[in-house]
1. Given 0.36 nm per residue, what is the gain on full extension from SER125 to ALA77 after removing their alpha carbon distance, in nm?
2. What's the FRET efficiency of GLN109 with ASP141 using the Cβ-Cβ distance as r and R₀ = 22 Å, to the nearest 0.05?
3. If the chain between THR42 and LYS67 were fully stretched, how many nm would it gain, using 0.36 nm times the residue separation less the Cα-Cα distance?
4. What is the Rg over Rh value, at two decimals, for the stretch 46-160, using alpha-carbon atoms and the Kirkwood definition of Rh?
5. For ARG168 and ILE11 in one chain, what is 0.36 nm times their gap in residues minus the Cα-Cα distance, to one decimal in nm?
6. Suppose R0 equals 30 Å. What FRET efficiency, 1/(1 + (r/R0)^6) with r the Cβ-Cβ distance, do ARG96 and ALA179 give to the nearest 0.05?
7. Apply the Karplus curve 6.51 cos²θ - 1.76 cosθ + 1.60, θ = phi - 60°, to the phi angles in the stretch 148-156 and return the couplings in whole Hz, x for Gly and Pro.
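Any read-out appearing in this document is the output of simple, stated calculations on the displayed coordinates, not a laboratory observation. The structure displayed is predicted, hence computed values, not measured ones. Please note: Cβ atoms are built from the backbone with ideal geometry, for glycine as well, and neighbour counts cover all protein chains shown.
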Amino acid sequence: MKRYLAIAAVIIIAGGLAWHQAQRPARVLDAASSAVVASWPTLTPDEVASITINHGGATVRLQRAGKGWTVRDRYGAVAANSDLVTRLLHDLRDMRPQRVVTRNPDYFQRFRVADGGDRLTLKGSGGRVLLDLLVGKPGSDFVSTHVRRADSQAIVLVDRSLGWQVGRAAKSWRAPKPAAGMPAGKEKGEKKAAADASAPTAGGKMPGEKRRAVGKGAGEKRAAPAASKR
């Protein structure tokens, strides 16, 4: 009983914190933060042709292919999970700066936005860079992320959780395998039944005709004794 009460208390507290976070008034931005918000790039997902993700020394390359995406790993390019790619693009499109934390490069390591860290590079047609973002540590609410644009020294807190998406391995971006089809034995049995049903009999008649013929003969035999009694 105590265990269930403890779980319920944790759920209530977590819900209360989430509600409190949602009810907090918007932060009044200082001049530096306002300038960053004003110059923040606007991303159009349909313009993105490729996404390069650097994480932990590994590189994931996503490439648009028609209406879908491919992911390249050491075995070559395979179909990517378009839903995951779309989720990432929408988060990058919708994220908004909350404030500038600092412009001091001495804090790059602390907030994990130093060169060589986790990085997202989005390019359009012709290789034009649309967004080049260093993705750092999550915010204290775990639904925001510290980021830094590669061409800026400002460490910015944005209102999206990006670390879990950047941390995906290449195989996690692959499209799910299609569901297994009909069992081989059942399929063969149905094909055999269909073949038997469509195959003519030894007399050249179809199976249905043979059954009708047999039924007709039986009826004639039953009618004959009845006629002889009269």
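1. Using 0.36 nm per residue and subtracting the Cα-Cα distance, I get 15.4 nm.
2. 0.50
3. The THR42-LYS67 span can extend by a further 6.8 nm.
4. Computed over Cα atoms, the ratio is 0.99.
5. So the extension gain works out to 53.7 nm.
6. So the FRET efficiency works out to roughly 0.15.
7. Along the stretch 148-156, the couplings run 8, 5, 4, 9, 9, 9, 7, 8, 10 Hz.
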